[in-house]
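Presented below is the structure to which this report refers.
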Amino acid sequence: MLLVMKFGGTSVGSVEALKKVTEIVEKERRQGHALVVVVSAMSGVTDLLLTAARKAEAGDETAARQARAEINRKHAVVLDHFLGRTPQRAEVWEKIDALLNEFEALCHGIHVLGELTPRALDVIGGLGERISVPQVAAILRQAGLPSQGVEATELIVTDDRFGSAVPLMEETSRKTRALLHPILEAGVIPVVTGFIAATRDGIPTTLGRGGSDTSGTILGGALQAEEVWIWTDVNGVMTTDPRVVPEARSIAHLSYAEISELSFFGAKVLHSQAIRPARRYGIPVRILNTFEPSHLGTLITEETRECRKAVKAIAAIKNMSLITLEGAGMAGIPGVAGRTFTAVGRTDTNVLMISQASSEQSICFVVPTADVNKVVKALEAELSREIERRDLDQIEWENEVVVLAVVGAGMKGKPGISGRLFGALGQAKINVIAIAQGSSEFNISLVIPRSEADTAVRAIHREFELSLNDDL
Ligand code: ADP
Ligand code: ASP
Ligand code: MG
């Protein structure tokens with residue numbers, strides 16, 4: 001069977017991790033599976049690249065050189081261990097060097113121009129995967145596993161939304177099959193860059209931060225793989241982020257719909273766009289731990305499995321702002337909600353949650369804080385007359401809020417869930433600013449102040465006994 005296996009930043013981020021990767025690949029190959037391996041940049045590298053580019057724009061000439069030294073060091077440790085002083089090492093190093101020359105040249109250009117475009121940012125951000133791939137391919141070859149590095153710009157076709165491009169699946173499938181089938185038929189493992197892609201015209205794009213998961217499911221869909229396995233540093237999807245609640249437990253099974261809600265609302269373990277290609281082609285996805293490969297992790301499929309627990313998991317998405325439209329004359333303004341969201345839509349901003357009071361006196365909605373200024377500007381322009389006439393108050397917004405999503409298919413039709421939820425939050429003295437229930441009925445979203453987010457997650461986790469070991 002054909003498996004696509006994606007290894008994240010931590011999984012390719014150290015000698016220890018890469019030893020595990022080699023063992024995992026070896027084992028699955030011994031089982032007779034055809035494999036496509038997708039890899040991220042070594043952990044920390046993408047941040048180093050992007051930060052240096054931003055600093056170059058701000059006038060810092062030396063940042064790129066420093067970042068390069070740091071990236072060189074990370075890779076040298078790994079190459080020294082696996083390849084020693086071999087010609088294979090020299091070959092990989094030459095590729096890394098050429099790509100980092102490109103990086104320094106790009107940063108120099110940005111520094112001279114004083115301008116960093118989203119398009120340039122994608123070229124720079126994607127370099128981490130491009131230097132990771134030849135390294136991983138060489139390590140696998142050294143272990144006797146025939147492997148060949150492939151750049152996903154040759155496979156994945158996207159639109160031109162730089163920074164969070166969307167795949168065009170038909171074209172992607174055609175290109176991916178044409179290029180990867182012959183490699184697979186020759187018994188070779190393609191080792192493909194995660195995160196990056198290209199437009200129809202070949203201009204490099206990225207799928208958004210954390211997007212290598214999505215590269216994995218896109219390739220899985222394009223090749224109609226049997227399954228996609230996402231190897232990371234935790235035992236699958238857990239009841240909440242284990243960094244916030246150490247007693248969080250792993251969840252054996254989730255439906256596509258449930259994981260979509262969780263990843264949309266910030267469960268970093270899977271990129272928010274990753275499930276779409278898998279769902280479209282009905283490909284099961286497993287989330288597995290590179291550092292504990294025998295753990296079964298989480299299986300994600302179309303079906304919703306019966307489970308005694310109504311609430312299965314909690315996600316939290318930070319750096320959000322809540323915008324409120326209010327005014328005595330609000331009810332009398334025709335189409336105000338439509339006009340509001342059309343204006344927001346024109347700014348290309350992701351609206352995470354909407355809540356309207358039934359009195360029609362107010363609408364509030366959540367957007368990423370990074371976008372709040374442009375959204376408010378667009379709304380002030382659209383509604384200027386109403387604001388002037390005092391039908392609407394000045395637009396207000398609150399930064400430093402967090403959206404919590406409480407998710408579980410068993411919540412549907414089960415009375416008393418919100419009662420317990422708000423009871424627990426009340427007891428923990430959490431100030432809930434706004435609430436929305438997803439139309440799917442298996443997600444309740446809450447807006448709360450940033451400072452209370454972790455306490456709220458812990459309170460909900462406790463109330464629904466998510467750390468207790470039964471049938472999750
Ligand atoms: P990778 O580099 O492998 O892509 P990420 O750091 O992107 O890994 O994602 C894994 C991390 O996601 C975990 O280490 C964990 O801290 C975090 N995380 C957040 N929410 C969850 C959750 N519900 N279940 C598991 N991990 C979560
Ligand atoms: N390296 C990219 C990032 O850090 C993509 C990924 O790791 O999934 O965002
Ligand atoms: Mg990730």
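Check region 110-130 and report whether any residue there is surrounded by fewer than 16 Cβ atoms within 10 Å (Cβ to Cβ) and either small (Gly, Ala, Ser) or at pLDDT below 95 (or both).
Going through region 110-130, the residues surrounded by fewer than 16 Cβ atoms within 10 Å (Cβ to Cβ) turn out to be 112-115, 117-119.
From the residues that got through so far, the ones that are either small (Gly, Ala, Ser) or at pLDDT below 95 (or both) too are 114.
Yes, some residue in region 110-130 is surrounded by fewer than 16 Cβ atoms within 10 Å (Cβ to Cβ) and either small (Gly, Ala, Ser) or at pLDDT below 95 (or both).
Is one or more of the residues making up region 292-314 touching a helix residue (DSSP H, G or I) at 6+ places or on another chain (Cβ under 7 Å), within 16 Å of ligand 2 (Cβ to nearest atom) and of a type outside the set (S, T, N, Q)?
No, region 292-314 has no match at all.
Can you find a residue in region 83-97 that is among the small types (Gly, Ala, Ser), touching a residue at least 40 places away in the same chain (Cβ under 8 Å) and assigned to a helix (DSSP H, G or I)?
Applying the first criterion (among the small types (Gly, Ala, Ser)) to region 83-97 yields 84, 90.
Narrowing further to those that are touching a residue at least 40 places away in the same chain (Cβ under 8 Å): none.
No, because not a single residue in region 83-97 is among the small types (Gly, Ala, Ser), touching a residue at least 40 places away in the same chain (Cβ under 8 Å) and assigned to a helix (DSSP H, G or I).
For the structure I just gave you, tell me whether LEU468 is of a type outside the set (Lys, Arg) and crowded, with 18+ Cβ neighbours inside 10 Å. If you could, list the steps in order and put the result at the bottom.
Details: of a type outside the set (Lys, Arg): yes; crowded, with 18+ Cβ neighbours inside 10 Å: no.
Considered against the rule, which asks whether it is of a type outside the set (Lys, Arg) and crowded, with 18+ Cβ neighbours inside 10 Å, LEU468 comes out as no.
Against the definition (surrounded by fewer than 23 Cβ atoms within 10 Å (Cβ to Cβ), in contact with a helix residue (DSSP H, G or I) (Cβ under 7 Å, 6 or more places away or on another chain) and closer than 30 Å to THR51 by Cβ), how does GLN224 come out, yes or no?
no
In this structure, does THR199 turn out to be polar (S, T, N, Q) and within 15 Å of ligand 2 (Cβ to nearest atom)? Give the derivation first.
Working: polar (S, T, N, Q): yes; within 15 Å of ligand 2 (Cβ to nearest atom): no.
No.
Report those strands (runs of 3 or more DSSP E) wholly inside region 185-294 carrying at least 1 residues which are touching a residue at least 12 places away in the same chain (Cβ under 8 Å) and aliphatic (A, V, I, L, M). It would help to see each step written out before you state the result.
Details: elements: 189-193, 196-199, 204-206, 227-232, 253-255, 285-289.
Passing ranges, in order: 189-193, 196-199, 227-232, 253-255, 285-289.
If VAL351 satisfies all but one of (1) closer than 27 Å to VAL432 by Cβ; (2) touching a residue at least 24 places away in the same chain (Cβ under 8 Å); (3) not polar (S, T, N, Q), what's the number of the condition it fails?
Result: VAL351 passes all but (2).
So which residues in region 151-172 are surrounded by fewer than 22 Cβ atoms within 10 Å (Cβ to Cβ) and either closer than 18 Å to GLY221 by Cα or out of contact with any strand residue (DSSP E or B) (no Cβ under 9 Å at 6 or more places or on another chain) (or both)? Full working, then the answer.
If we filter region 151-172 for residues that are surrounded by fewer than 22 Cβ atoms within 10 Å (Cβ to Cβ), which is where we start, we get 151, 153-154, 159-164, 166, 168-172.
Scanning region 151-172 gives GLU151, THR153, GLU154, ASP159, VAL166, LEU168, MET169, GLU170, GLU171, THR172.
Working only within region 248-305, note down all residues that are hydroxyl-bearing (Ser, Thr, Tyr) and either within 28 Å of ALA459 (Cα to Cα) or within 15 Å of ligand 1 (Cβ to nearest atom) (or both).
Looking only at region 248-305, we keep the residues that are hydroxyl-bearing (Ser, Thr, Tyr), and these are 250, 255-256, 260, 263, 272, 281, 290, 294, 298, 301, 304.
Selection gives SER250, SER255, TYR256, SER260, SER263, SER272, THR290, THR298, THR304.
Do you know which of the residues in region 33-50 that are more than 12 Å from ligand 2 (Cβ to nearest atom) and either part of a helix (DSSP H, G or I) or of a type in the set (A, V, I, L, M, F, W, C) (or both) is farthest from the chain's Cα centre (by Cα)? Walk me through it before giving the result.
Taking region 33-50 and keeping what is more than 12 Å from ligand 2 (Cβ to nearest atom), we get 33-37.
Cutting the leftovers down to either part of a helix (DSSP H, G or I) or of a type in the set (A, V, I, L, M, F, W, C) (or both) gives us 34-37.
On the way: ALA34: 26, LEU35: 23, VAL36: 20, VAL37: 18 Å.
Here the residue is ALA34.
Taking the condition of being surrounded by 12 or more Cβ atoms within 10 Å (Cβ to Cβ) and among the small types (Gly, Ala, Ser), how many residues in region 346-392 meet it?
Summing the residues that are surrounded by 12 or more Cβ atoms within 10 Å (Cβ to Cβ) and among the small types (Gly, Ala, Ser) in region 346-392 gives 4.
Only one of these conditions is not met by VAL311: (1) modelled with pLDDT of 95 or more; (2) of a type outside the set (Asp, Glu); (3) in contact with a Gly (Cβ under 8 Å, 6 or more places away or on another chain). Which number is it?
Result: VAL311 passes all but (1).
May I ask you to list the residues in region 413-439 that are among the hydrophobic types (A, V, I, L, M, F, W, C) and outside any loop (DSSP other than H, G, I, E, B)? Even if it seems obvious, please write down each step before you answer.
Initial filter on region 413-439 (among the hydrophobic types (A, V, I, L, M, F, W, C)): 417, 421-422, 424-425, 428, 430, 432-436.
ILE417, LEU421, PHE422, ALA424, LEU425, ALA434, ILE435, ALA436 - these are the residues of region 413-439 that are among the hydrophobic types (A, V, I, L, M, F, W, C) and outside any loop (DSSP other than H, G, I, E, B).
Give the number of residues within region 98-132 that are among the aliphatic types (A, V, I, L, M), in contact (Cβ under 8 Å) with a residue 60 or more places away in the chain and part of a helix (DSSP H, G or I).
Taking region 98-132 first, the residues among the aliphatic types (A, V, I, L, M) are 98-100, 105-106, 110, 112-113, 116, 120-121, 123-124, 127, 131.
Right, trim to in contact (Cβ under 8 Å) with a residue 60 or more places away in the chain and you get 116, 120-121, 123-124, 127, 131.
Keeping just the survivors that are part of a helix (DSSP H, G or I) gives 120-121, 123-124, 127, 131.
Count: 6.
Would you please name the residue that is farthest from GLU151 (Cα to Cα), looking only at residues in region 195-210 that are within 16 Å of ligand 1 (Cβ to nearest atom) and touching a Gly at 6+ places or on another chain (Cβ under 7 Å)? If you could, list the steps in order and put the result at the bottom.
Residues of region 195-210 within 16 Å of ligand 1 (Cβ to nearest atom): 195-196, 206-210.
Next, from what is left, pick out any that are touching a Gly at 6+ places or on another chain (Cβ under 7 Å): 195-196, 206, 208.
Numbers: PHE195: 10, ILE196: 8, THR206: 12, GLY208: 17 Å.
Ranking the qualifying residues of region 195-210, first place goes to GLY208.
Give the number of residues within region 295-330 that are on the phi < 0 side of the Ramachandran plot, of a type in the set (S, T, N, Q) and outside any loop (DSSP other than H, G, I, E, B). Let's see the steps before the verdict.
Taking region 295-330 and keeping what is on the phi < 0 side of the Ramachandran plot, we get 295-296, 298-318, 320-326, 328-330.
Narrowing the set further to residues that are of a type in the set (S, T, N, Q) leaves 298, 301, 304, 321, 324.
Still in the running and outside any loop (DSSP other than H, G, I, E, B): 298, 301, 321, 324.
Within region 295-330, residues that are on the phi < 0 side of the Ramachandran plot, of a type in the set (S, T, N, Q) and outside any loop (DSSP other than H, G, I, E, B) number 4.
Would you be able to tell me the number of residues in region 331-345 that are touching a strand residue (DSSP E or B) at 6+ places or on another chain (Cβ under 7 Å) and crowded, with 16+ Cβ neighbours inside 10 Å? Give the derivation first.
Filtering region 331-345 for residues touching a strand residue (DSSP E or B) at 6+ places or on another chain (Cβ under 7 Å) gives 337, 340.
If we keep only those that are crowded, with 16+ Cβ neighbours inside 10 Å too, we end up with 340.
Within region 331-345, residues that are touching a strand residue (DSSP E or B) at 6+ places or on another chain (Cβ under 7 Å) and crowded, with 16+ Cβ neighbours inside 10 Å number 1.
The values are calculated or read from the model by the stated rules, or taken from the named source; none is laboratory data. In this text the structure is predicted, and so the values were computed from the model without any measurement. Virtual Cβ from ideal backbone geometry, glycine too; neighbours counted across all protein chains shown.
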